[in-house]
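Contents: one structure, followed by commentary.
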Amino acid sequence: MKRPIRAVQSLSQVVLLLLASSLLIGCAASAVTPRKEEIRSAEISIMAPLHFPHSPSDEAIALLEQLTHTKLELNWVPDVIYSDKMNTALTTNSLKKVMFVKYTDYITVKNSIRTGAFWEIGPYLEQFPNLKKLNRDILQQTAVDGNIYGLYTERQSSRQGIILRKDWLDQLGLQEPQTIEELYDILYAFTYDDPDQNGQHDTVGLTDRNDLIYGAFKTLSSYFGTPNNWEIVDGSFVPEFETQGYMDTMNFMKKLYENKLINVDFPVTSKDVQRELLIRGTAGVYIGAMTDVQRLYEEAKRFNEQVEFTVVNRIAGPKGYRIWSIPNFNGLYLFSKKAIPTEEELLRVLSFFDRTMDADVANLLHYGIQDKHYYLKEGKVVLPEELAALRTQEINALYSLMIADSGNPNIMEIAEQHHLWSYAEQLVEDNNQFIVPDPTLGLESLTYDERGGELYKIISDATYNYMLGAIDEHGFAQQVELWRKHGGNQIIAEYNESYFK
């Protein structure tokens, strides 16, 4: 009888030893990498841009928190003041745990990155099933000194083109413009030929804003053959504002201003006011992201049920079809070392973003709540036009939280959507045939990173002053020389060294 007892005791000891070993192994493993459930239980503060009149609905945010096991503190900042708010947060060291940085502002943030304000996240990406699949080429486009600090929001190389009133074209017997000259003629007719047929002189051709990049200027500049920021001539980099194309663009804009074919206060006009001029039927042409057309159309219908828009992307200039492009990210989410003090907490925050790429969360961010904001038809998404206003009010702002959306296979395909959106997407794809890249992409210039923003202000002020007639060509050349003396020459030298080494 004793043998069986001893056998049971021995077996029990083995089981206890195995259990103890597994517990030790489990503890060791969890010390290295938090369990999935632990990682996803997090409180995260995020500062993100708001591109729509309304922040997302409480219902949508609650569902997002439920799916990700996260408590979110979302600080939505209107896009028109986002850069100022972001810079204030940097200078006052009051960063949220996660901060979105626009591509156009990235230069001003690189110094903070280099001084250790943000986590380097590159070494952690392989731990997450979705983040480890991020596009390596795009990640390298975002790199600072070869290191990865941000999760990118993905965009096509160029969405730029022209949105214009199709009903005004039809009323005046005009065709869509195919050249710069035809575009000018349309702007003139929309200003002086009473396109809305109300017998009053109350319309203007072009609505624009105080933005030389995402407003009308840079897109028009592409049509005139201007390089994208820089070009290489005789073995050296030349800035775009020293080219004939840039001067031709300024002269074109000056002519629009002098003939009042543009809102004359465009140098101080916000994006919201620019949009309102088109929406309310004061202006007939908007130059910018073609994918804005659906939202502009939906809002314009509130004032005029008969309104019609169309979209144009191919405008022939002296060098044929050309359009400027950006890298395939339009911004980054960066992670504050002050607000996220430990590696363990960083992993929890990164896990939230990894989770946003899963099918259920990604489609919530992209389309909203099924059977409320969209429907499914044979496994594809249907976006009814009658639900467009509801999506704008409750869902569309969530799109800002999406990372790497274009390359995410978990996002469902669209079966049916508004024809304007579909058409704009086709033209965005068509732009890829004649995009103009920035030749400095991937090159390093510490002077540009440190002083590029303040130096750009010299050129932007001079550009506006020229277009308004405050300075002439000689005066503009003097400002270019000032740019060169205060650091521009050093930037050119550093780009030359980086490119030709």
Residue check, A404 against (1) outside the structural domain of F353 (by TED's automatic domain parsing); (2) of a type outside the set (S, T, Y); (3) part of a loop (DSSP other than H, G, I, E, B), all met but one. Which one? (1)
Take the conditions surrounded by 14 or more Cβ atoms within 10 Å (Cβ to Cβ), of a type in the set (A, V, I, L, M), over 26 Å from F252 (Cα atoms) and touching a residue at least 24 places away in the same chain (Cβ under 8 Å) and apply them to L446. Does it pass? yes
Restricting to the stretch 462-501, and then to whatever is among the small types (G, A, S) and in contact with a Ser or Thr (Cβ under 8 Å, 6 or more places away or on another chain), can you tell me which residue is nearest to L261 (Cα to Cα)? G487
Does S422 count as polar (S, T, N, Q) and either under 21 Å from Y333 (Cα atoms) or in contact with a Ser or Thr (Cβ under 6 Å, 6 or more places away or on another chain) (or both)? no
Out of curiosity, is I340 buried (at least 21 other Cβ atoms within 10 Å of the Cβ), not assigned by TED's automatic domain parsing to the domain that holds A48 and not polar (S, T, N, Q)? no
It is to be established whether one or more residues within the stretch 289-296 are under 30 Å from N111 (Cα atoms) and either in contact (Cβ under 8 Å) with a residue 24 or more places away in the chain or β-branched (V, I, T) (or both). yes
Please work out which one of (1) in a loop (DSSP other than H, G, I, E, B); (2) at pLDDT 95 or above; (3) not acidic (D, E) is the condition Y214 fails and give its number. (2)
Applying the selection to the stretch 274-285, what residues are in contact (Cβ under 8 Å) with a residue 24 or more places away in the chain and over 20 Å from the mean Cα position of the chain (by Cα)? L277, L278, I279, G281, T282, A283, G284, V285
When the residues of the stretch 40-84 are narrowed to those that are touching a His at 6+ places or on another chain (Cβ under 9 Å) and charged (D, E, K, R), which ends up farthest from V101 (Cα to Cα)? R40
Determine the pairs where a residue that is farther than 21 Å from L346 by Cβ, located within the stretch 55-70, has a partner that is aromatic (F, W, Y) with Cβ atoms under 9 Å apart, the partner being 6 or more residues away or on another chain. S55/W76; P56/W76
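What do you reckon, is A359 assigned by TED's automatic domain parsing to the domain that holds I148, out of contact with any Lys or Arg (no Cβ under 6 Å at 6 or more places or on another chain), in contact (Cβ under 8 Å) with a residue 40 or more places away in the chain and over 26 Å from K97 (Cβ atoms)?
Judged against the criteria, A359 is not a match.
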Limited to the stretch 450-476, what total is found for residues that are part of a helix (DSSP H, G or I) and either in contact with a Cys (Cβ under 8 Å, 6 or more places away or on another chain) or more than 20 Å from K218 (Cα to Cα) (or both)? 4
Which condition number in (1) buried (at least 16 other Cβ atoms within 10 Å of the Cβ); (2) touching a Gly at 6+ places or on another chain (Cβ under 8 Å); (3) not hydrophobic (A, V, I, L, M, F, W, C) is the one that Y321 fails? (2)
Take L220 and tell me if it is assigned to a helix (DSSP H, G or I), in contact with a helix residue (DSSP H, G or I) (Cβ under 7 Å, 6 or more places away or on another chain), touching a residue at least 40 places away in the same chain (Cβ under 8 Å) and not small (G, A, S). yes
Looking only at the stretch 219-239, which residues are under 25 Å from S270 (Cβ atoms) and surrounded by fewer than 22 Cβ atoms within 10 Å (Cβ to Cβ)? N229
When the stretch 240-268 is examined, which residues are found to be under 26 Å from the mean Cα position of the chain (by Cα) and free of Cβ contacts under 8 Å to residues at least 24 places away in the same chain? E240, D265
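Every residue, every condition in (1) charged (D, E, K, R); (2) buried (at least 20 other Cβ atoms within 10 Å of the Cβ), yes or no:
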site	(1), (2)
N251	no, no
K254	yes, no
L261	no, yes
L278	no, yes
If you take the residues in the stretch 314-359 that are closer than 21 Å to G407 by Cβ and of a type in the set (D, E), which one is nearest to the chain's Cα centre (by Cα)? D354
Only helices (runs of 4 or more DSSP H) wholly contained in the stretch 81-197 count here; list those with 2 or more residues that are closer than 30 Å to M253 by Cβ and outside the structural domain of A48 (by TED's automatic domain parsing). 166-172, 180-192
Look through Q393, Q426, Q490, Q479 and report the one residue that is surrounded by fewer than 15 Cβ atoms within 10 Å (Cβ to Cβ) and in a helix (DSSP H, G or I). Q426
Log entry, pairs with first residue in the stretch 327-351 being at pLDDT below 95, second being β-branched (V, I, T), beta carbons closer than 7 Å, six or more apart or on different chains, reads N328/I138; F329/I138; F329/T142; F329/T153; N330/T153; G331/V101; G331/T153
Selection from the stretch 407-423 of residues part of a helix (DSSP H, G or I) and either surrounded by fewer than 15 Cβ atoms within 10 Å (Cβ to Cβ) or not hydroxyl-bearing (S, T, Y) (or both) yields H419, L420, W421, S422
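The values are calculated or read from the model by the stated rules, or taken from the named source; none is laboratory data. Since the structure is predicted, the reported quantities are computational estimates derived from the model, not experimental observations. As a convention, Cβ positions derive from the backbone with ideal geometry for all residues, glycine included, and neighbour counts pool all protein chains shown.
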